[in-house]
Structures are given as structure tokens and as C-alpha cells.
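Take a look at the structure set out below.
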Amino acid sequence: MDASRMLSLLAVVVLSHVAAAQQVRHYQQDGVTYRETTTRVRVPVSQTTQQQRTETVYREQWTTELQPIAQLRHVPVVDYRWEPRWHNVLNPFVAPHVAYHLVPQVRWQSQPQTVHVPVARREWVPRQRVVRAPVTVLGFRETDQVKRVAVAPSGSTVATGGDRTVVARLEPIGGIRRLESDPPRYGMRPAGDGTVQR
């Protein structure tokens, strides 16, 4: 994930937190008043799924073809002709005579000829294949965040105005009540064993 995409995702998260709706309620539990704040926030979530897609791949393929090539070739040509030869020239007992013989004569002659030469050729063949690739989808999920704070002890009242909470302790005004710092109301006299009795 690049930096620009990360910054845009962070900006969306901040804006979603700012625009989140809040609900505040007060309740008492075990003599203590609590303030419960429920905030509806959007949390970014990502989901990765495997999707199939078709892609084209090219594979190397070699083919061999016989290509005709014209070339000049020298071939031997044999001709026969009659040649006279003397026989029994050095033999004194036989009369010499002449005889004709066929004598081969070889000559080279140029002839055009077509030769098939193998030629290798490389080509790229396209093929289709199906692949599974992970695809990540970014989205948001709404959730409730609950925050509880103790705001007052037992015997207090809570008044809310906007986003402020005012705590007031209920105290009786006037009348007669016993204070812990009051002096004792009964007289004390010493007992016979040295202790003090009321």
C-alpha cells in the first residue's frame, strides 16, 4: 500500500471519528452514579478474497522447417572413346599389331541443384490460463464504543446540560439531626469498678 492511499485512509478514519454520534446516559449501581457514553464509530476493515481471472501468457516455441536453397554442384561425367594401342612390339616371335580399346575420360560438369536445409525458427505462442489472485477490498464497519465513568457517590443528584455534568449532594436543610461531632447528650458517672457509665 502506497503512502497516498495510507494518508487518505487515515483522513477518512479521523473524519469518521469526528462525525460519530454520541449518546450519554446516567444510571446508579451499588449506590454510585455512573455516566455511560456510547459512541457510534466507523472502523475501517479490509477483506481479502480470492478471485479468478484470465490472463494471457506467451510461451517460447521452436519449430524446424526445411527451406529449399538452390546451389551449384559439380558432378563427374564419364565419357568413353576408342584409342589405338600397339601390341607385341618387343616380342620377336609375334608380329606387332594395332588394337582399339575403350578408354574412360572423366570431366567435371556444373549442375544446378535444390537442397533442403533445416532452419530453426523461434516464435511466441499466446495461451490463456486462469489464475486465482488475492483482491483486498477496503470498507467500514459500524460499532459501538461504551465508556463508563463514576461521577457521583450515593445520595447525589446529577444534572446534565449539553456535554457538562453537574453533581450535587443532597443535604437536608433545617430540622434536627445528629452530627458526629456533637457532644454526648447523657451524663457520665463513674462506676464502682473504675469505669465510666452513662
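Is it true that some residue in the stretch 65-87 is charged (D, E, K, R) and touching a helix residue (DSSP H, G or I) at 6+ places or on another chain (Cβ under 6 Å)?
The answer is no; no qualifying residue exists.
Could you check, for the stretch 71-85, whether at least one of its residues is touching a His at 6+ places or on another chain (Cβ under 7 Å), of a type outside the set (A, V, I, L, M, F, W, C) and free of Cβ contacts under 8 Å to residues at least 24 places away in the same chain?
Checking the stretch 71-85: at least one residue is touching a His at 6+ places or on another chain (Cβ under 7 Å), of a type outside the set (A, V, I, L, M, F, W, C) and free of Cβ contacts under 8 Å to residues at least 24 places away in the same chain.
For residues that are closer than 30 Å to THR136 by Cα and at pLDDT 85 or above, scanning just the stretch 1-42, find the one that is farthest from the chain's Cα centre (by Cα).
Out of the qualifying residues, it is THR39.
Looking at VAL131, VAL196, VAL158, which one is within 30 Å of VAL41 (Cα to Cα) and modelled with pLDDT under 90?
Just a single option satisfies the conditions, and that option is VAL158.
What number goes with the only condition from (1) in contact with a Leu (Cβ under 7 Å, 6 or more places away or on another chain); (2) without any contact (Cβ under 8 Å) to a residue 40 or more places away in the chain; (3) not acidic (Asp, Glu) that SER46 does not pass?
The number of the failed condition is (2).
Name the residues in the stretch 112-123 that are more than 30 Å from GLU60 (Cα to Cα) and surrounded by 10 or more Cβ atoms within 10 Å (Cβ to Cβ), would you?
Once the filter is applied, which keeps residues that are more than 30 Å from GLU60 (Cα to Cα) and surrounded by 10 or more Cβ atoms within 10 Å (Cβ to Cβ), the stretch 112-123 yields only GLN113.
Is it the case, given these coordinates, that ARG107 is free of Cβ contacts under 8 Å to residues at least 40 places away in the same chain, loosely packed, with under 10 Cβ neighbours inside 10 Å and either closer than 30 Å to VAL32 by Cα or charged (D, E, K, R) (or both)?
So ARG107 fits the description; yes.
Hey, any hits in the stretch 89-96 for a residue that's assigned to a strand (DSSP E or B) and surrounded by 10 or more Cβ atoms within 10 Å (Cβ to Cβ)?
No, there is no match, as no residue in the stretch 89-96 is assigned to a strand (DSSP E or B) and surrounded by 10 or more Cβ atoms within 10 Å (Cβ to Cβ).
Select, from ARG73, ARG107, ARG81, ARG85, the only residue that is more than 30 Å from VAL130 (Cα to Cα) and at pLDDT below 90.
Every option except ARG73 fails the conditions.
The values are calculated or read from the model by the stated rules, or taken from the named source; none is laboratory data. Just so it is clear, the model here is predicted, and its values are computed rather than measured. Counting neighbours? That spans all protein chains shown, and the Cβs are built from the backbone with ideal geometry, glycine included.
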